[in-house]
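The values are calculated or read from the model by the stated rules, or taken from the named source; none is laboratory data. Computed from a predicted model, the values in this text were never measured in an experiment. Cβ placement follows ideal geometry from the backbone for every residue including glycine, while neighbour counts extend to all protein chains displayed.
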Amino acid sequence: MQIGLMADTHDRLDAVEAAVDFFNSRGVSDVLHAGDLVSPFVVPKLARLNAKLHYVWGNNEGDREYITARFREIGIVPHGDFAALELHGLRIALLHGRHEAVVNSLAGSGLYDLVVRGHTHRAEISGGKTLLINPGEVCGYLSGRKTVVLLHLDSMRGEIVEL
């Protein structure tokens, strides 16, 4: 079983479509989005996911009320700034990750098996007892790489995938 991880889509519709197509082709059960969707017009692209979407706010969302209304049209309620999830027996913290001290505290707390964050636009996988993953940026604006992560739950191995 696999789940998809993404962040920092920043209104890049073609890249969002590529991420959705990739996750659908891999048959992921859930997709965790660590924020910075930015505008409401991205939501219909995410509606094409065949997986359950879990979304937290980033620091660049414009009209959160309208984005929330668009998400509700497709049966999704954003989790707010932080989500503590239990999926497939895993304890997961999902946040955008603006504050490194908060991210590091969550990763070091022992409360979570997985911490998923965004914000830096750098795809990274690290950790010991708690796996810390930043899927990078779907948009590719800062790094020049449009990336997501495919997390293999059986081995708890994350795979950075360039779209």
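Structure data summary
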item: Listing of helices (runs of 4 or more DSSP H) fully contained in the stretch 1-95 that carry 3 or more residues being at positive phi and of a type in the set (S, T, Y); result: none
item: Hey, A34 modelled with pLDDT of 95 or more, within 18 Å of L142 (Cβ to Cβ) and within 12 Å of the chain's Cα centre (by Cα) or not; result: yes
item: Considering residues of the stretch 70-112 that are of a type in the set (V, I, T) and more than 22 Å from V38 (Cα to Cα) only, the residue surrounded by the fewest Cβ atoms within 10 Å (Cβ to Cβ); result: V102
item: Residue match in the stretch 98-107 (condition: touching a residue at least 12 places away in the same chain (Cβ under 8 Å) and closer than 14 Å to L5 by Cβ); result: no
item: Residue satisfying all of: in the stretch 45-77; touching a residue at least 40 places away in the same chain (Cβ under 8 Å) and among the hydrophobic types (A, V, I, L, M, F, W, C); farthest from S29 (Cα to Cα) among these; result: V56
item: Pairs with Cβ under 8 Å, 6+ apart, first in the stretch 139-163 and touching a residue at least 40 places away in the same chain (Cβ under 8 Å), second assigned to a loop (DSSP other than H, G, I, E, B) and β-branched (V, I, T); result: C139/T9; K146/V138; V148/V138; L150/V28; L163/V138
item: Output for the stretch 113-126, where each listed residue is crowded, with 20+ Cβ neighbours inside 10 Å and part of a strand (DSSP E or B); result: L114, V115, V116, A123
item: Residue match in the stretch 127-139 (condition: part of a strand (DSSP E or B) and modelled with pLDDT under 95); result: yes
item: Number of positions in the stretch 38-58 that are within 14 Å of the chain's Cα centre (by Cα) and surrounded by fewer than 18 Cβ atoms within 10 Å (Cβ to Cβ); result: 1
